[in-house]
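Below is one structure, written out as structure tokens; the observations come after it.
The values are calculated or read from the model by the stated rules, or taken from the named source; none is laboratory data. From a predicted model like this one, the values you see are computed outputs, not experimental measurements. Every residue, glycine as well, gets a Cβ built from its backbone with ideal geometry; the counts of neighbours run over all protein chains shown. Note: accessible area is taken over every heavy atom of the protein model, side chains too, but ligands, DNA and RNA are not part of it. Shrake-Rupley method; radii C 1.70, N 1.55, O 1.52, S 1.80 Å.
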Amino acid sequence: MIAVELREIKESEIEKVKELRDYAFRVPASGGEDDFNYWVQNARRLGLFYGEHLLAQVLTYPLSVSILGERFSMGGIAYVASFPEFRNGGLITRLMTESLVRMRDAGQLVSYLSPFSIPFYRRFGYEVFTEKVELEIPSHALPDMGTVPGRVMRLTSKDGTGISVVRELYNRLALTKKSGMMMRDDAWWLRLARRGYTKEIAVYCDMNGVTMGYMLFTLDAEVFKVHEMVTLNYEAEKGLWRFIGTHGMMVDRVVAKNVGALRDVALAFPSPDFKKREILDFMMRIVDVEAFLSKYRFEWTDNALYLQVEDEMAPWNEGVFEIRGSFVKRVESTKEPVLAITIQALGQMLMGFARPRDLVHYEKAQGSDITVEAWEKAIPHVRSDFYDAF
């Protein structure tokens, strides 16, 4: 194998990043070059070089997410690529390993990525943490959601008031209803605008004029595309679906994403007999276990909990941790009952994707019945979700 140098990619070398991006992914950046330029300039850019030739790269975006109402700094991994002739040489492993070290040094406690292969990124400690469903409904099959007492107003992204309402409702969802959602700052909302997601906005107001939900959508030829729907109650959800139904004569079908999981569809629709596609499109991992546990909002528990973590890619995470509320410390050993768990399953458990007893059932974790029951009480019942992409 040729001798290569691992280093940060200079700003003057960003064109090399684009060349590798274009060769490896073969599709244009979905937000356009302006959007790509902003994020690549603000990313941590790691590359492996042979002389001046870039062989492989990993970008890490400085982002943040909400987990149980707390803001966690997150490293968003993007544009992981190498030229084909240098694959299977361990280049990506070197870059991913160094990325974890630098994320830890930067205080990024979690990391997200969109995988081209789920098994490939499991090797680096990542695991699926959210399930989505994409709906495709012919216009003639749009469900009758009944009547609602409120009304829907249609806005656009040019309306500053409309955007402020949408942002406030999104933040309420992210901080109180879900775990793992992006904390969207001005730069991220601008990114959504560049992609056209905020071009059309519909908001639902109840009979008292209080805004209880919104939907971001576009009309693309004869397709009504729902990019996301955020509602604080079922009344708002029904009202927005009724609004979609008023377009039945204008479009052939409705394609909707970020409207809930499959179980939500089963509960919400009187007749959910339309095409549904389940999607597992994002993975996460905990970068620094001790710091993450110290910030995590456990439910109240009578006794200390003990966790034994396995993490081959990040040895600083391996070992036994004692947890007493918000007090967390690493211990050499303990005679107390321990939940033994991989870093992948730990992320799923703490994000709310899987319960402790499920992880034990599928042999992702090991512990006695009493230990598992203690962890069941300690982990809040909040489901994970993620509406964004990078």
For strands (runs of 3 or more DSSP E) lying entirely in the range 105-180, having 1 or more residues that are open to solvent by 50 Å² or more (accessible area, probe 1.4 Å) picks out 132-138, 151-156
Of the residues in the range 346-390, those that are open to solvent by less than 20 Å² (accessible area, probe 1.4 Å) and of a type in the set (D, E) come to E376, D385, D388
Per the list (1) polar (S, T, N, Q); (2) out of contact with any strand residue (DSSP E or B) (no Cβ under 9 Å at 6 or more places or on another chain); (3) at pLDDT 95 or above, residue check on S326 breaks on (3)
Within the range 358-383, residues touching a residue at least 12 places away in the same chain (Cβ under 8 Å), over 17 Å from F298 (Cβ atoms) and in a helix (DSSP H, G or I) come out as V360, I370
Regarding the range 82-89, can at least one residue be identified that is of a type outside the set (F, W, Y), open to solvent by 30 Å² or more (accessible area, probe 1.4 Å) and assigned to a helix (DSSP H, G or I)? yes
Screening L192, L267, L219, L262 for residues that are within 20 Å of T156 (Cβ to Cβ), modelled with pLDDT under 95 and under 24 Å from the mean Cα position of the chain (by Cα) leaves only L192
For Y38, the lone unmet condition from (1) open to solvent by less than 90 Å² (accessible area, probe 1.4 Å); (2) within 20 Å of E98 (Cα to Cα); (3) hydroxyl-bearing (S, T, Y) is (2)
Sole miss for K178 among (1) in contact (Cβ under 8 Å) with a residue 40 or more places away in the chain; (2) among the basic types (K, R); (3) more than 20 Å from A354 (Cα to Cα) is condition (3)
Just one listed residue, out of L192, L232, L240, L219, is surrounded by fewer than 17 Cβ atoms within 10 Å (Cβ to Cβ) and closer than 28 Å to F390 by Cβ, and it is L219
- Query: Taking the condition small (G, A, S), part of a loop (DSSP other than H, G, I, E, B) and either surrounded by fewer than 20 Cβ atoms within 10 Å (Cβ to Cβ) or touching a residue at least 40 places away in the same chain (Cβ under 8 Å) (or both), does A29 pass?
  - Reply: yes
Looking across the range 299-329 at residues that are among the aromatic types (F, W, Y) and closer than 22 Å to D369 by Cα, the single one that is surrounded by the fewest Cβ atoms within 10 Å (Cβ to Cβ) is W300
Within the range 330-345, of all residues that are assigned to a loop (DSSP other than H, G, I, E, B) and among the polar types (S, T, N, Q), the one surrounded by the fewest Cβ atoms within 10 Å (Cβ to Cβ) is S333
Yes/no for D34 being within 30 Å of L173 (Cα to Cα) and either in contact (Cβ under 8 Å) with a residue 60 or more places away in the chain or assigned to a helix (DSSP H, G or I) (or both) | yes
Filtering the range 242-279 for residues that are touching a Leu at 6+ places or on another chain (Cβ under 8 Å) and of a type outside the set (K, R) leaves a count of 13
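Any idea which residue in the range 270-286 is surrounded by the most Cβ atoms within 10 Å (Cβ to Cβ), counting only those that are in a loop (DSSP other than H, G, I, E, B) and under 20 Å from the mean Cα position of the chain (by Cα)?
Applying the filter and picking the extreme gives F282.
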Among T198, T231, the single one that is closer than 24 Å to V165 by Cα, at pLDDT below 95 and polar (S, T, N, Q) is T198
The condition from (1) part of a helix (DSSP H, G or I); (2) touching a residue at least 60 places away in the same chain (Cβ under 8 Å); (3) more than 30 Å from T198 (Cβ to Cβ); (4) in contact with a Leu (Cβ under 8 Å, 6 or more places away or on another chain) that L100 misses is numbered (4)
- Take Q348 and decide whether it is in contact (Cβ under 8 Å) with a residue 12 or more places away in the chain, out of contact with any helix residue (DSSP H, G or I) (no Cβ under 6 Å at 6 or more places or on another chain) and in a helix (DSSP H, G or I). yes
Here the residues within the range 208-264 that are of a type outside the set (A, V, I, L, M, F, W, C) and in a helix (DSSP H, G or I) are Y234, E235, E237, K238, G239, R242, G245, R263, D264
Exercise for review: Return a yes/no flag: does the range 154-165 have any residue that is touching a helix residue (DSSP H, G or I) at 6+ places or on another chain (Cβ under 9 Å), over 17 Å from G75 (Cβ atoms) and of a type in the set (S, T, N, Q).
Suggested key: yes
Restricting attention to the range 41-69, the residues that are open to solvent by 50 Å² or more (accessible area, probe 1.4 Å) and within 15 Å of the chain's Cα centre (by Cα) number exactly 1
Within the range 1-26, the residues that are part of a strand (DSSP E or B) and either in contact (Cβ under 8 Å) with a residue 60 or more places away in the chain or hydroxyl-bearing (S, T, Y) (or both) are L6
